[in-house]
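The values are calculated or read from the model by the stated rules, or taken from the named source; none is laboratory data. The structure presented is a predicted model; accordingly, all values stated were derived computationally and were not measured. In this analysis, Cβ positions are derived from the backbone assuming ideal geometry, glycine residues included, and neighbour counts consider all displayed protein chains.
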Amino acid sequence: MSEHKINVVPRKGNGGALGAGQKLKFHIMRFNPADPASVPHLQTYELEQTAGMTLFIALNEIREKLDPSLQFDFVCRAGICGSCAMVINGRPGLACRTLAQDVGPEITLAPLPVFELIGDLSVNTGKWMRAMSERLEAWCHLKQQEVDLTRLEERMDPDLAEQIFELDRCIECGCCVSACGTARMREDFIGAVGINKIARFRLDPRDARSDAEYYDVIGDDDGVFGCMSLLGCHDVCPKDLPLQTQLAFVRRKMAAQGFK
């Protein structure tokens, strides 16, 4: 398998990279929808820059030393779980893979739009992703045949396995959905993550569904024909997935087979 790098947010703050000991100012969106008295507002925190500090490290330091009530999510710290996705200086990205020196010294953090807000920087991406997957039936529909336990699974062509692996690297962080103009206007738009899922299972020879069955669930304005091709999803994907390439491929295939 080929190696894939994870990009950090490619934007510099005022004056470029910072050194250790520099002061950082974090302007963080605060709001608790469960508290009737809470109103959305920016709260400012100051920290000292340390070598190799990521936004994940900074947020933990804020919560441990300055404000234990701050809400944000994290699990893996390695850009794999997607839990720490948030809007960083106006651009969706992963806090654990973004260096403070690359986006400081003034850093504004907000929760991802589109998704249900839990509180502060924490959103419920899982609820949205599950509903989308159930709607698309985004799982392998095995062929209906008697299982022969004495036979091994049929070998897959290595090049095809590599193509499937490439699309399987999606971590469902929600960055592509949050950067999508169509998702802001269409509540039921499946987004690049949904189109990527369909493209992945369409390639899988173990899946029993026909191309027509795949395309029936995405061939409308809430699917591939709703995308305005603004490339926001492609620009912010932390895994550098070929999202717009897949969209264009599916559109061409559907046009060739008479879908409109």
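Going through segment 176-188 one residue at a time, which ones are out of contact with any Gly (no Cβ under 7 Å at 6 or more places or on another chain) and outside any loop (DSSP other than H, G, I, E, B)? Within segment 176-188, Ser178, Arg184, Met185 meet the criteria. Scanning segment 163-175 for residues that are farther than 14 Å from Met86 by Cβ and not in a loop (DSSP other than H, G, I, E, B) returns Gln163, Ile164, Phe165, Glu166, Leu167, Asp168.
Any chance segment 125-138 includes a residue that's at pLDDT below 90, touching a Lys or Arg at 6+ places or on another chain (Cβ under 9 Å) and not in a helix (DSSP H, G or I)? Checking segment 125-138: at least one residue is at pLDDT below 90, touching a Lys or Arg at 6+ places or on another chain (Cβ under 9 Å) and not in a helix (DSSP H, G or I). Report yes if some residue within segment 77-86 is modelled with pLDDT of 95 or more, farther than 30 Å from Glu162 by Cβ and either outside any loop (DSSP other than H, G, I, E, B) or in contact with a Cys (Cβ under 9 Å, 6 or more places away or on another chain) (or both); otherwise report no. Yes, because at least one residue in segment 77-86 is modelled with pLDDT of 95 or more, farther than 30 Å from Glu162 by Cβ and either outside any loop (DSSP other than H, G, I, E, B) or in contact with a Cys (Cβ under 9 Å, 6 or more places away or on another chain) (or both).
Among the residues of segment 43-64, the ones that are out of contact with any Leu (no Cβ under 9 Å at 6 or more places or on another chain) and either charged (D, E, K, R) or surrounded by 13 or more Cβ atoms within 10 Å (Cβ to Cβ) (or both) come to 4 in all.
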